[in-house]
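Novice: The structure under discussion is supplied below as structure tokens; questions concerning it will follow.
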Amino acid sequence: MENKTDVKNQPNEKVKAFSLAISKIKSELAKDVVGQEDIVDNVIIAIIAGGNVLLEGVPGVGKTRLVRSLGRVLSLPFSRIQFTPDLMPSDVTGTNVIEKDASGKMSTVFQRGPIFANLVLADEINRATPKTQSAMLEVMQEHKVTVAKQTYKIDEPFFVLATQNPIEQDGTYPLPEAQMDRFMFKLVVKFPTVKELAGIVNMTQITLDETATAVIDGKTILEMRELSKSVPVIDDVLDYAVKLVSNTHPELDTSSSVAKKYIKYGASPRAAQAIITAAKVRALMNGKYNVSYDDIKALAYPVLRHRIKINYNAVNDKLSVDDVISKLLGDNSKDKTAVKVDTDNVVPPVADEPVIADVPDDGEKKKKEKKIKEKKEKPVKEKKVKDKKNEEVNVTISSTEVGQ
């Protein structure tokens, strides 16, 4: 059990303010983004938890619009980087330039790149070369940039939302595993339904610009992040999440049969960290004060789908990464000795009506033994009965019959 202060001990105003802020964010985003409720929820979770998100989807499903609208709603400095094959690392992080002052003196000044923002959109990140992609590693993990032996910190909160198109192969460079691991979530943006598509068309007929307004700021996001850290996680739920990540490694003796059959490489320890951190935020979003098994199951897909590599057996059986994750969840059983307690609906016992066990005490036991002993020692009596000739006959009967 964690030693941090329980979220239930926090003032109710803070918890209510957290829920109210989430509702406002969703309401404003709905003005610019039609549908995609799961995507919006997971992006909000990642922002509050302090993680990065990789959005994968075909062109035109609203990935870029979602990020631009988020920048307006969260009132954060927004920056967009369009990744291309000729993009250089200095185009992302910045570089030192020589400037001349009024007196003609030369000096070196660091010119900050577009990465120096609170909300960064890395559009089509898989189009850049590995050299440029590697420039994002330090800033995504440590929130700082090192140029010419000088380190510059990024202002908090900092969040990278990258997009990539899964159907394009020419002119793209798949992200290396080290960089994929830096993303807390990988979200797959699906094509909208017919009803959602009609809503998108009607919305864009009025205006193509974002209409959402700011409802919170960076300071509020950091306060919400600190509040989510105080959400407790019981040992059974923590073990469930850790075993789920551990079971993705086929080389371990304790791993599941699913991993040994379908997985080539398992998830890193960052997966366990991400799933617990995000589960705390999700619990508060749903009005709960502790992390549940449902939170772990719901977040297993965005946390694991880009961290595990399936093998040929999975491809041969026509299983996707999400299908393998579903099998892992089914194979990852809960602790059968654990009892799930709903602390919000516990009825306290009534003091005036104590529950008495139906077991005789020593006094009652001795009384019963004494009665049995007395029955056995009771003298034999004679009972007069009449035979068929109406003659009285003395018949000896036992004490048990006397009782009848």
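Novice: Identify all residues within the range 43-73 that are of a type outside the set (Val, Ile, Thr) and more than 29 Å from residue 205 (Cβ to Cβ); write none if there are none.
Specialist: 46, 49, 50, 51, 52, 54
Novice: Pick from 163, 151: which is hydroxyl-bearing (Ser, Thr, Tyr), in contact (Cβ under 8 Å) with a residue 24 or more places away in the chain and in contact with a Lys or Arg (Cβ under 6 Å, 6 or more places away or on another chain)?
Specialist: 163
Let's see how each residue does on (1) touching a residue at least 60 places away in the same chain (Cβ under 8 Å); (2) touching a His at 6+ places or on another chain (Cβ under 8 Å):
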{"position": "145", "(1), (2)": "no, no"}
{"position": "156", "(1), (2)": "yes, yes"}
{"position": "171", "(1), (2)": "yes, no"}
{"position": "200", "(1), (2)": "yes, no"}
{"position": "209", "(1), (2)": "no, no"}
{"position": "215", "(1), (2)": "yes, no"}
{"position": "232", "(1), (2)": "yes, no"}
{"position": "247", "(1), (2)": "yes, no"}
{"position": "250", "(1), (2)": "no, no"}
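Every residue, every condition in (1) among the β-branched types (Val, Ile, Thr); (2) assigned to a helix (DSSP H, G or I); (3) under 19 Å from residue 118 (Cβ atoms), yes or no:
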residue: 214; (1), (2), (3): no, no, yes
residue: 226; (1), (2), (3): no, yes, yes
residue: 231; (1), (2), (3): yes, no, no
residue: 241; (1), (2), (3): no, yes, no
residue: 245; (1), (2), (3): yes, yes, no
residue: 251; (1), (2), (3): no, no, no
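Novice: Okay, next question. Filter the range 85-118 down to the residues that are basic (Lys, Arg) and free of Cβ contacts under 8 Å to residues at least 40 places away in the same chain and list them by number.
Specialist: Within the range 85-118, 100, 105 qualify.
Novice: Name the residue that is farthest from residue 320 (Cα to Cα), counting only residues in the range 226-246 that are open to solvent by 20 Å² or more (accessible area, probe 1.4 Å) and in contact with an Asp or Glu (Cβ under 8 Å, 6 or more places away or on another chain).
Specialist: 232
Novice: A further question follows. Here is a check on your reading of the model: is residue 132 in a helix (DSSP H, G or I) and either within 21 Å of residue 46 (Cβ to Cβ) or under 32 Å from the mean Cα position of the chain (by Cα) (or both)?
Specialist: yes
Novice: Mind counting the residues in the range 150-199 that are closer than 18 Å to residue 92 by Cβ, open to solvent by 70 Å² or more (accessible area, probe 1.4 Å) and in a loop (DSSP other than H, G, I, E, B)?
Specialist: Counting residues in the range 150-199 that are closer than 18 Å to residue 92 by Cβ, open to solvent by 70 Å² or more (accessible area, probe 1.4 Å) and in a loop (DSSP other than H, G, I, E, B) gives 2.
The values are calculated or read from the model by the stated rules, or taken from the named source; none is laboratory data. None of these values were measured; they are calculated from a predicted model. Cβ coordinates were reconstructed from backbone atoms using ideal geometry, including for glycine residues, and neighbour counts include every protein chain displayed. Accessible surface areas use protein heavy atoms only, side chains included; no ligands, DNA or RNA. Shrake-Rupley method; radii C 1.70, N 1.55, O 1.52, S 1.80 Å.
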